[in-house]
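The values are calculated or read from the model by the stated rules, or taken from the named source; none is laboratory data. Everything numeric here is computed off the predicted structure, so don't read it as measured data. So basically every Cβ, Gly included, is an ideal-geometry build from the backbone, and we count neighbours across all protein chains shown. Please note that ligands, DNA and RNA were not included when accessible areas were found on the heavy atoms of the full protein model with its side chains. Shrake-Rupley method; radii C 1.70, N 1.55, O 1.52, S 1.80 Å.
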Amino acid sequence: MYFIEHLIQLIKEKKSVISMGLDPRMDKEGEIPRYLINEFNNPDKIILEFNKSLIENTYELIPVIKPQIAFYEKYEALSSLKETIRYAHKNDLLVILDAKRNDIGSTSEAYAYSIFKNYNADACTINAYLGIDGVKPFLNYKEKGVFVLVKTSNPSSSDFQDLFSTKILGISNEISEYKCNEHVLKRNYILMAQLVRDWTSNLEKFLDFTNLGAVVGATYSKELEKVRKIIENSFLLIPGYGAQGAQAKDLKYGFYKNGLGGIVNSSRGIIYAYNKNEKYSQHDFSKAAKDKIIEMNILINREIGI
Ligand code: OMP
């Protein structure tokens, strides 16, 4: 089944557009509960136990999880990542592997193989700075989903993504600066959104959506609205809810009137919710995550109308 078709099916079944981000942290107080760290004393085992408990308690309420590979690499716990993906699939969840990979075409092929074959992820995030030949190897896995970074949620995303530039035909590559008044300049994230739109044009559609999506931070709601209008046939992966400050009201313009068009990721806000409310002990971490998801589903669904 195509990723996007399955995603839409699960969104409708579960009435949820939430992606639970599985970003295991073990460095500070209040991240993965201490009792788990003490009990297992091995990063793979600690993380797998943590993730399985979260999945078991929340899989009926969400369509998708998004593990960020950096944390599994940091703790040398890649087998827990594979096991988590297997466990998520057994529990009716799709998996977006957040790897933000990209390179020249031949190296991208290896990245795509690793993400889709070795890890068996259903979708992934990529950076498309190298252009279409670094993107194609991911698109060659036709049934898989790909989310291209367009406008990221972080404060300094403006450093490059908000700068203005334009394409000028017939100008030598030796010229690295160009003074112009007559050209129309667009912000780089708008140009990236337009590229993604162009790349979707030949892809198969399900309910108007292709397997190629884009990432736009919920922390930039005006930009979210602009990108939504440019890339009509793409799902948007929208991170930044919760720990980064975005709220349900910021999400509305990422979605169409039928409530489709986006998924909202929260990682720390869900999986470490136990640590933000005195009514939970560390043993209640997955109950706290479940309660947070129930609350998010109500708040978000009210805004987007599903
Ligand atoms: P929390 O801030 O804990 O909810 O985590 C957000 C997750 O989304 C992290 O795994 C980030 O790496 C990821 N993310 C962003 O925060 N901002 C972006 O613009 C893009 C992503 C992403 O691609 O998922």
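Quick notes
- Within a Gaussian network of the chain (alpha carbon springs, distance under 10 Å), most fluctuating of Leu236, Leu169, Leu139: Leu169
- Karplus (6.51, -1.76, 1.60) ³J(HN,Hα), θ = phi - 60°, over segment 34-42, in Hz, Gly and Pro reported as x: 3, 5, 6, 4, 5, 5, 9, 6, 8
- Remark on Asn265: its backbone amide H falls under 5 Å from those of Ser19, Ile238, Gly240, Tyr241, a criterion applied only to residues 5 or more positions apart or on other chains, H modelled at 1.01 Å from N.
- Split the accessible area of segment 169-306 by element, probe 1.4 Å, and carbon with sulfur accounts for 47%.
- Here the peptides 17-25, 199-207, 73-81, 212-220 are ranked by packing, the mean other Cβ count within 10 Å, and the order with the highest first is 212-220, 17-25, 73-81, 199-207.
- The chain: most fluctuating residue of Lys90, Lys222, Lys249 per GNM, C-alpha cutoff 10 Å: Lys90
- Separation of the alpha carbons by more than 29 angstrom is noted, of Lys144/Lys257; Lys100/Lys179; Lys167/Lys252; Lys117/Lys287; Lys205/Lys252; Lys12/Lys205, for Lys100/Lys179; Lys167/Lys252; Lys117/Lys287.
- Amide H contacts of Gly213 (H built 1.01 Å from N, in plane; Pro and chain starts excluded): Val146, Phe147, Val148 sit under 5 Å, all sequence-distant by 5 or more or on other chains.
- Residue by residue, segment 12-20 carries 3J(HN,Hα) couplings of 5, 4, 9, 6, 8, 10, 8, 10, 8 Hz when phi is fed to the Karplus relation 6.51 cos²θ - 1.76 cosθ + 1.60 (θ = phi - 60°); x denotes Gly or Pro.
- Percent antiparallel among DSSP beta bridges (both partners in the chain, rounded to 5): 10 percent
- Over the chain: helical MRE at 222 nm, DSSP H runs n ≥ 4 each giving -39500 (n - 2.57), nearest 500: -12000 deg cm²/dmol
- Computed on segment 121-171, with alpha-carbon pairs under 8 angstrom and 6+ residues apart, the relative contact order is 35 percent.
- Net charge in the neighbourhood of Leu130 (other residues with Cβ under 15 Å of its Cβ; Lys, Arg +1, Asp, Glu -1) is 0.
- The share of alpha-carbon pairs in the chain lying farther apart than 37 Å comes to 15%.
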